[in-house]
Each structure stands twice: as C-alpha cells, then as structure tokens.
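Beneath this line is the structure, given in structure tokens, with notes to follow.
The values are calculated or read from the model by the stated rules, or taken from the named source; none is laboratory data. Bear in mind that the values here come from a model prediction, so they are computed numbers and not experimental data. Keep in mind that these areas ignore ligands, DNA and RNA; they rest on the heavy atoms of the full protein, side chains included. Shrake-Rupley method; radii C 1.70, N 1.55, O 1.52, S 1.80 Å.
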Amino acid sequence: WDNADFSRGTGTTFYQEFPTLNTAKPPFVRDVEAKVRQYLKSSYSAAWTLKITWEKAPAYAARTDTRRTITYQAILTTDGFRSYVLMLYQEGGMRWDYTRLAATNVLIGYT
C-alpha cells in the first residue's frame, strides 16, 4: 500500500451505499453477488453493499507527479453473516511510479 494525496486538487473520492435487505436489488448489487458466487463457488445474497471509488488519485506526495494517477474501487458487501471485499483497478493496473514512492514494499490488494 501507499498513500494517495488529494492535497493538490487532483482526483477525488466518493462512495455509494446499497442497503438491500428488503428492497429490490439494483444491477450493480446483482453483479457483486454474481462475482462473489463465481469466485467462492457458493450461494450469496447481499443485504448491504458499499462502493468506494478513488478517481484519478495521485500518489503521495502529489507535488512530485500529478500526471500518473489511478482509479480504483473497494466494494464491501455482507449478507449479515459473511462479509467480502472486492478490489477493482482500472485497465492497465497500478499507474503510480513505484520507484518514486516513499514505501519500497508496495503491494496491490490487502491482507
């Protein structure tokens, strides 16, 4: 991991919540359910889903390079018993110049 830096006015972060316990599920939530089922080979029906998007996020420190940005999402979803996270990256993967980052052990994903 490394830090995104929005201090120079480049990029933004936004989120959208999908509470679906007793409501019709929008296509986005149905797609998330299908991905969870596909990857885990199990049944899954979301009760709540949150999509967080980091759009055109420059690496810390943004004063060094605001041209190499990345757009990525974290999708959090739960059925009330099991919870999952999907990490989605723009086409082409990580575009930050990892040789110029403060951290030297950068990973894409989470542990």
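Values for this structure:
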| item | result |
| --- | --- |
| The stretch 79-86 - phi-based ³J(HN,Hα) in whole Hz, Karplus 6.51/-1.76/1.60, Gly and Pro as x | 9, x, 10, 10, 10, 9, 10, 10 |
| Sequence of TYR89, TYR15, TYR44 from largest to smallest accessible area, 1.4 Å probe | TYR15, TYR89, TYR44 |
| Accessible solvent surface per residue of the stretch 12-100, calculated while the other protein chains remain in place, 1.4 angstrom probe, Å² | 64 Å² |
| Accessible-area composition of the stretch 1-49, carbon plus sulfur, in percent [1.4 Å probe] | 54 percent |
| Computed over the stretch 12-100: relative contact order in percent, which uses C-alpha pairs under 8 Å that are six or more apart | 26 percent |
| Alpha-carbon centroid distance for the pair the stretch 70-91 / the stretch 1-36, whole angstrom | 7 Å |
